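To start, the structure under review is shown below, and the notes come after it.
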Amino acid sequence: MLRYAHRNYHIPLTDAWSMASSTPARVIGIDDQKGSLAAGKDADLLILDGEMQVAGVCAMGKMVRAS
């Protein structure tokens, strides 16, 4: 959805990224653990390549999927 919103609706990537990460975390009340990178948070990461395809996934700071 991040790629779709950015490419099809011309939403700036930084805005689309917030819409997919920090905003949902804040809405459901877990932004103290999820939604951004900061000391003490869970370190869940989505790694994208230049075409905005998933290149890797980290959960709790550990690589769980690499392409």
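The values are calculated or read from the model by the stated rules, or taken from the named source; none is laboratory data. Bear in mind the structure is a predicted one, so any value in this text is a computation, not a measurement. Heads up, the Cβs are rebuilt from the backbone with ideal geometry, glycines too, and the neighbour counts pull from every protein chain shown. Ligands, DNA and RNA are stripped out before the accessible areas are found, and what is left, the full protein with its side chains, is counted by its heavy atoms. Shrake-Rupley method; radii C 1.70, N 1.55, O 1.52, S 1.80 Å.
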Discussion item. So the check is Cβ under 6 Å with 6+ separation or different chains; which pairs have a first residue in region 19-33 that's at negative phi and among the hydroxyl-bearing types (Ser, Thr, Tyr) and a second one that's open to solvent by less than 90 Å² (accessible area, probe 1.4 Å) and part of a loop (DSSP other than H, G, I, E, B)?
Written reply: SER21/GLY35; SER22/GLY35; SER22/SER36
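In region 1-19, what residues are within 13 Å of the chain's Cα centre (by Cα) and open to solvent by less than 70 Å² (accessible area, probe 1.4 Å)?
LEU2, ALA16, SER18
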Practice prompt. State the number of residues belonging to region 20-45 that are closer than 20 Å to ARG3 by Cβ and either open to solvent by 80 Å² or more (accessible area, probe 1.4 Å) or charged (D, E, K, R) (or both).
Written response: 1
